[in-house]
Amino acid sequence: MEKKNPLEKKLCYERKLAWDEFSPESRKKTLEFAEGYKEFLTRGKTEWEVITEGTKMAEKAGFIPLEKIKKGSFKGKRVYADNRGKNLFLSVLGKKPISEGVRIIIAHIDSPRLDLKAHPVYEEENLAFFKTHYYGGIKKYQWVTIPLALHGVVVLKNGKKINLVIGEKKEEPVFTITDLLPHLASDQMKKSLEKGIEGEALNILAGSIPHQNKDVKERIKLAILEKLNQKYNFTEEDLVSSNIEAVPAGEARDAGLDKSLIAAYGQDDRVCVYSSLKAICELKNPETTCFCMLVDKEEIGSEGVNSAQSTSLLSFLSEILNLSSPKATELQLRRILSSSQAISADVNAGVDPAYKDVNELRNSPRIGCGVVLTKFTGKGGKGGSSEASSEFVAYLRNLFEKRKVIWQTGELGKIDQGGGGTVAKYLARYNCEVIDCGTALLSMHAPLEIAHKADIYSTYQAYSAFYK
Ligand code: MN
Ligand code: MN
C-alpha cells in the first residue's frame with residue numbers, strides 16, 4: 001500500500017513491486033530480456049552447455065581468447081578464458097590501472113540433477129534401466145514420473161569425446177522414473193517425504209525389447225548397449241569415463257496467464273549466469289576492470305577443480321595482471337584483490353504463500369519486488385556465511401538508487417528453519433568486499449523452477465550498474 005503520511009514516507013521503508021516502478025520502456029525491455037533468457041535456459045541444461053552458450057555470447061560481443069592477446073597496450077580489450085569447458089572467465093579491462101582493484105561477479109553453472117552411475121545399465125523384470133546418483137540438494141519425490149532428457153559426454157580411452165542429447169526433440173524418446181500406483185502405496189504413503197522415494201530407486205527406464213540372440217542372459221540390457229553402440233560407438237566400459245546427466249526434458253516456458261513468470265529447469269543459478277553474461281557483454285570502456293566468473297560444483301559444496309574454491313580464479317586474475325605488468329609480484333595480486341569488490345550472484349527463495357511459515361516475513365524476499373541483496377546467508381546463527389560489510393551494502397544501495405534498480409533485501413527463511421550458503425565466502429578469503437545479490441525463485445531446486453521476469457531484468461540491471 002502506498003504511504004500517504006509524509007512523515008511515514010520519509011522515515012519508513014517500503015518494498016516496491018518492480019512492475020509498478022518500471023517505465024513503459026523498461027517493461028518492454030523486461031519482456032525482451034526474458035525471451036533471450038528462455039533460449040539460453042533451453043540450450044544450456046548442463047555445465048558444459050552453459051559454457052558453450054556463454055562462450056558464443058562472449059565471442060559475439062568481441063571477447064578474445066586470452067591466449068590470442070598480445071602483451072603490451074590492451075586498454076578496452078575484452079578477454080575470455082575457458083577452463084576445461086567447466087569454467088568461463090570474462091574480463092573487460094578498465095581505464096583505471098588494475099592495481100586500484102577490480103569488480104567481480106561470480107555465478108555457478110551447475111544445477112541439481114540425476115547423474116548416471118559408472119555402471120548404469122541393468123535389466124530386471126524384462127525392463128532395462130539406468131542407475132543414477134543424484135547431484136545436489138533435491139527432493140527426490142519431485143524427480144519421478146516426469147519426462148527427462150539425457151545430456152552427456154562420453155570420453156573414450158583415446159581421448160575422443162562423444163556428445164549425446166536424447167529427449168529434447170519431438171521425434172526423440174524421453175526417459176522417466178516410475179513410481180508406485182496409489183492403490184498399492186499404503187506403506188509408501190506412511191513414509192516421510194524424504195524416505196518415500198529412496199536414492200537407489202531413482203532408476204531411469206531405458207527400454208524393453210529383448211535382443212534377438214536368445215543365448216545371452218540379459219537380452220534387454222544387451223539390446224540397449226547395442227543401440228548405444230550403433231548410434232554413438234561406445235561400450236559399457238566407456239561409460240566409466242562419462243558425464244551423463246538426466247535433466248527435465250523440454251523448453252523453458254512462460255508461466256501464468258499474464259506470462260509474467262518463467263517456468264524452467266536450472267534457473268538456480270543460470271538466471272544469474274545469464275544476467276551477468278549479458279551485463280559484461282554489453283559493457284564498454286568501464287572505469288574499473290570488470291570480471292565475470294562462472295564456476296562449477298556449487299551445488300555439492302564448491303569442491304573440485306572448476307569450483308569457486310579452486311585457484312582457477314586466481315590464475316585468470318594473474319593472467320590479466322600479467323598482460324599489463326609481466327613482472328608483477330604476488331604481493332601486487334594480493335593488493336588488487338584487497339581493494340576489489342565482488343558480487344556472489346546466486347538466487348534466493350521468494351515467499352511462497354503456501355509455505356509462509358518457514359519465513360520471517362518482515363525480512364524475506366518477495367517475488368516481483370526486484371533483485372535481492374543478501375547481506376548474509378548460512379544457518380544456525382549465520383553459521384558458514386561471510387557477512388557483507390555495511391559499508392559495501394551502503395555503496396550498492398546508493399548505486400542502485402542512482403541507476404533506478406529495483407531491489408530488496410532478503411534472508412533465506414526464518415532463523416533455525418534451515419538455511420544455505422553460496423560461493424561468497426570463497427571470494428571473501430581473498431580479502432575483497434563481497435555480497436550476495438541475485439533473483440528470488442519459487443520451487444528452488446525443483447525440476448521446474450519459477451522466476452519473475454521483472455526480477456530477472458532487475459538482476460541484470462543491478463549487475464550492469466555494478467560493472468559501470
Ligand atoms: Mn545457487
Ligand atoms: Mn542451489
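A few notes on this one:
- Test result for Tyr426, of a type in the set (Ser, Thr, Tyr) and crowded, with 19+ Cβ neighbours inside 10 Å: yes
- Of all residues in segment 157-199, those that are in contact (Cβ under 8 Å) with a residue 40 or more places away in the chain and more than 26 Å from the chain's Cα centre (by Cα) total 2.
- Test: residue in segment 166-173 that is surrounded by fewer than 17 Cβ atoms within 10 Å (Cβ to Cβ) and touching a strand residue (DSSP E or B) at 6+ places or on another chain (Cβ under 6 Å): yes
- Residues of segment 383-398 include none that is within 23 Å of Trp19 (Cβ to Cβ), within 18 Å of the chain's Cα centre (by Cα), away from ligand 1 (no atom under 15 Å from the Cβ) and modelled with pLDDT of 95 or more.
- Here Glu124 fulfils each of the conditions (1) touching a residue at least 12 places away in the same chain (Cβ under 8 Å); (2) over 15 Å from Glu47 (Cβ atoms) apart from (1).
- Some residue of segment 264-271 being more than 16 Å from ligand 1 (Cβ to nearest atom) and not basic (Lys, Arg): no
- Cβ pairs under 6 Å, 6+ apart, first in segment 285-300 and more than 17 Å from Phe63 (Cβ to Cβ), second more than 16 Å from ligand 2 (Cβ to nearest atom) and basic (Lys, Arg): Glu287/Lys95; Glu287/Lys96; Thr288/Lys96; Thr288/Arg103; Asp296/Lys86
- Candidates Ala81, Ala107, Ala118: the one that is within 16 Å of ligand 2 (Cβ to nearest atom), modelled with pLDDT of 95 or more and in a strand (DSSP E or B) is Ala107.
- Residues being of a type in the set (A, V, I, L, M) and free of Cβ contacts under 8 Å to residues at least 40 places away in the same chain - total across segment 21-58: 0
- The numbered conditions (1) at pLDDT below 95; (2) within 29 Å of Ile343 (Cβ to Cβ) are all true for Gly72 except (2).
- The lone exception for Ile98 - which of (1) at pLDDT 95 or above; (2) aliphatic (A, V, I, L, M); (3) over 22 Å from Asp269 (Cα atoms) it fails: (1)
- The residue list Ala118, Ala81, Ala61, Ala18 contains one member that is more than 29 Å from Gln309 (Cα to Cα) and touching a residue at least 60 places away in the same chain (Cβ under 8 Å), which is Ala18.
- Elements of type strands (runs of 3 or more DSSP E) in segment 400-468, at least 3 residues being within 16 Å of ligand 2 (Cβ to nearest atom) and touching a residue at least 60 places away in the same chain (Cβ under 8 Å): 433-438, 440-442, 449-452
- Residue list for segment 92-115, restricted to those being surrounded by 22 or more Cβ atoms within 10 Å (Cβ to Cβ) and away from ligand 1 (no atom under 16 Å from the Cβ): Val92, Leu93, Ile98, Val102, Arg103, Ile104, Leu114
- Residues that are closer than 16 Å to Asp179 by Cα and among the hydrophobic types (A, V, I, L, M, F, W, C), drawn from segment 192-248: Leu193, Ile197, Ala201, Leu202, Ile204, Leu205, Ala206
- Some residue of segment 243-254 being outside any helix (DSSP H, G or I), within 16 Å of ligand 2 (Cβ to nearest atom) and among the small types (Gly, Ala, Ser): no
- Among the candidates Arg270, Arg334, the residue that is under 18 Å from Glu433 (Cα atoms) and either of a type outside the set (Gly, Ala, Ser) or within 16 Å of ligand 2 (Cβ to nearest atom) (or both) is uniquely Arg334.
Quick grid of which residues meet (1) among the aromatic types (Phe, Trp, Tyr); (2) within 18 Å of Ser260 (Cα to Cα):
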site: Gly419; (1), (2): no, no
site: Glu433; (1), (2): no, no
site: Met444; (1), (2): no, yes
site: Tyr460; (1), (2): yes, yes
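- Condition check for Tyr430 on (1) farther than 30 Å from Tyr134 by Cα; (2) of a type in the set (Ser, Thr, Tyr); (3) within 16 Å of ligand 1 (Cβ to nearest atom): one failure, at (3).
- Test: residue in segment 241-257 that is polar (S, T, N, Q) and free of Cβ contacts under 8 Å to residues at least 40 places away in the same chain: no
- Within segment 211-231, not a single residue is more than 16 Å from ligand 1 (Cβ to nearest atom), modelled with pLDDT of 95 or more and on the phi > 0 side of the Ramachandran plot.
The values are calculated or read from the model by the stated rules, or taken from the named source; none is laboratory data. All values derive from a computational prediction rather than experimental measurement. Cβ sites come from the backbone with ideal geometry, for glycine too, and all protein chains shown count toward neighbours.
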